[in-house]
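Contents: one structure, followed by commentary.
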Ligand code: ADP
């Protein structure tokens, strides 16, 4: 059966996914790290100990043989061996030396000629090895050949005549280091076996440790999944590590924000339904009462139809305010920012609202401290200021006044809307910017309020990266201050 190219791609992708899953897992990385951290020192200790043992063993063996050579050299020098190279005693000693150390002893005379070889192979031959030459200069040498498993030691045979030391010959001892090599190899095998067992134990322990270490993260992930599936009110307490504690705290903040958002969304939906239903209910009551009566006089019809029109207007206003509010909820990317003359803009708003103020004999005064040009979205910013001025008129007393002032510094401009109205109770001040919040529901309704004006104003100001503040004294009046940057900060 042939595998199609598409299937290869799928298999390859699956393999890469499995690879990613393993190599990118924290558990795997902890296991690898712990294994490396524990095994590298073990390997280093093993290599160092073996090397030290080998060096020591060679040094001991060298010293031992050097000793034997010195004794033999003295005997050879005293027995005039080079002139009469026949001595059973010395030959026996040399044979013994070579037997003990599993080696070979060569005696070399001044002409680099071998006068005695315990193996009997090189007798009479000339040896010009650098070690022998160095030894003729009066220095003992030793050379360890690890690969060849042999140790060559030279020792000079000296005679002293008339205070002069003469090197008469050289003893060259060549021994096998098989025993040392085998001991090293045995030690290495034992160390490897111990290391293998240790690795197994380390892998088991590190796997267990790594599994325990990553467990808190798994629990956090499950909590987040729970919250994603909609278990609002979820709280996380994962205090195993400082890091998981910090993540838990951040998550709890996020969950509580999600919960608040969820609640405020539900509340908003139920408020919207309620607000939209109120004018409809009034209209239905008015229409039903007209239908229930026979021969209704025209005046009553006109009066009721007038009320119904008012309710329709109210419904319309709520819907318009809701649409404005939705627009203010969007990001500042939706702003159509242009450089505007703020003095003119405020003047235009006040011109539009003065007739409404006149109905209640409220005077609207504009005080500008300097000409201000700033980058704003004309429509949205105007909506904010009109809502504040409208409120200042609506919640004012008969013959009261509204004072609007405009000022600026090098960074911001300020619009102040101060009225001489009824004021806002202290406990309500923190709620007035909430959607549908009204201090006095029936009064606000009576004067055509929807409870959305300040929420819209605040949304518009925040979109301009500005701030809005309120100060109010009950019975004396209210002042709203809006601060907006002169240059729009994207
Ligand atoms: P509304 O459409 O009811 O005026 P707002 O969001 O504009 O809604 O205002 C919320 C509430 O804050 C109002 O119902 C009113 O009680 C209070 N309020 C707002 N502006 C003023 C003001 N200038 N003077 C007194 N009360 C005010």
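Each value in this text was obtained by applying a stated rule to the coordinates, not by laboratory testing. Predicted model only: the values in this text are computed from it and were never measured. All Cβ positions, even for glycine, are placed from backbone atoms using ideal geometry, and neighbour counts span all protein chains on display.
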* Asked: Once the Cα atoms of helix 298-328 and of the chain are each reduced to a long axis, what angle between those two axes, in degrees from 0 to 90 to the nearest 10, is obtained?
  -> 20 degrees
* Grab the beta carbon distance between residue 411 and residue 260, set R0 = 25 Å, and tell me the FRET efficiency rounded to 0.05. => 0.15
* Which whole-number percent of Cα pairs in the chain have a distance greater than 39 Å? -> 64 percent
* If one takes the longest principal axis of the Cα atoms in the chain, at what angle in degrees, from 0 to 90 and to the nearest 10, does the Cα axis of helix 5-23 lie? -> 80 degrees
* **Acute angle (nearest 10 degrees) that the helix 88-100 long axis makes with the longest principal axis of the chain, alpha-carbon atoms** => 20 degrees
* With a Förster radius of 51 Å, plug the Cβ-Cβ distance of residue 193 and residue 26 into 1/(1 + (r/R0)^6) and report the FRET value to the nearest 0.05. => 0.95
* Asked: Can you list the residues of the stretch 358-380 with backbone N under 16 Å from a point 7 Å past the Cα of residue 399, pointing along Cα to Cβ?
  -> 358-364
* **For the chain, share of DSSP beta bridges that run antiparallel, in % to the nearest 5** => 90 percent
* Asked: What nm distance separates the two modelled labels at residue 17 and residue 294, each placed 7 Å from Cα along Cα→Cβ?
  -> 7.9 nm
* Simple spin-label estimate for residue 115 and residue 361 in nanometres, 7 Å along Cα-Cβ -> 14.9 nm
* Asked: If you stretched the chain out fully between residue 341 and residue 252, how much longer would it get, using 0.36 nm times the residue separation minus the C-alpha to C-alpha distance?
  -> 27.4 nm
* Asked: What is the projected area of the convex hull of the Cα atoms of the stretch 335-485, averaged over all directions, in nm²?
  -> 8.2 nm²
* To do: Using Cα centres only, tell me the gap between the stretch 1-78 and the stretch 425-472 in whole Å.
  => 75 Å
* Pulled fully out, how much extra length does the chain show between residue 147 and residue 67, if you take 0.36 nm times their separation in residues and subtract their Cα-Cα distance? -> 26.3 nm
* Determine the principal axes of the Cα atoms in the stretch 107-234, then give the extent along each, sorted from largest to smallest and rounded to whole angstroms. => 108, 32, 21
* What is the distance, in nm, between label points placed 7 Å from the Cα along the Cα-to-Cβ direction at residue 207 and at residue 44? -> 2.8 nm
* Can you give the convex hull volume per residue for the Cα atoms of the stretch 1-229, as a whole number of Å³? -> 249 Å³
